[in-house]
1. Using mean Cβ contacts within 10 Å as the protection proxy, how do 32-39, 20-27 order, highest first?
2. So how far apart, in nm, are the two label points at A102 and C67 if each is 7 Å from Cα heading toward Cβ?
3. With each label point set 7 Å from Cα along the Cα-Cβ vector, what nm distance links S31 and V113?
4. Rg/Rh for segment 54-107 to two decimals, with Rh computed the Kirkwood way over all alpha-carbon pairs.
5. Divide, for segment 80-130, the radius of gyration over alpha carbons by 2.2 N^0.38 Å, where N is the residue count.
6. Evaluate E = 1/(1 + (r/R0)^6) for K55 and R122, where r is the Cβ-Cβ distance and R0 equals 30 Å; express this FRET efficiency to the nearest 0.05.
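Each value in this text was obtained by applying a stated rule to the coordinates, not by laboratory testing. Predicted, not measured: the structure shown is a model, and the values here were computed from it. Cβ coordinates were reconstructed from backbone atoms using ideal geometry, including for glycine residues, and neighbour counts include every protein chain displayed.
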Amino acid sequence: MQRVLWSADSTPAAAVRLTPAGPLKVCRQRSVTLAPTSGAKHWQPLEYGDEEWQKVYFRLRSSVEGCNGFAKNPLAEAIEASGTRRIRGIAAQTILLVFQLAHANRRKIKNWVETLAPNGERPRRRTHHRRRSKPLGNWTPTGYLAPTG
């Protein structure tokens, strides 16, 4: 029989096996001593959750999500739409997905190379596809005010 202890947020805290000898030694003692080398494989240069870790983590996370959005572009690879890979089987789907991701990477590199400056010239600026919006000062609940003159 296995008894599960629950914490305040209703998630299992520990699973204790009831045996005739009682709980294991690790469950009866208050602290556990580990050798320094036992955790060396999982050592991290930044402490999990501190301010510097969050800064690095969220910057990298943002970069990864941006790449995912780039590859999901419906006008290009559209990796989110499995209908673009009309073949059955997870292995075949995976191989075709790899080709789509390779194409997205190649497209991203090509776009970056196009911004480089040839022969010491000024670098070419990337085009921004920003939507032109009207200033909020002219907005009313029924729409935009006509210019008064």
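1. 20-27, 32-39
2. 1.6
3. About 6.0 nm separates the two model spin labels.
4. On the Cα set of segment 54-107, Rg over Rh gives 1.08.
5. Cα-based Rg divided by the globular estimate yields 1.71.
6. The value I calculate is 0.40.
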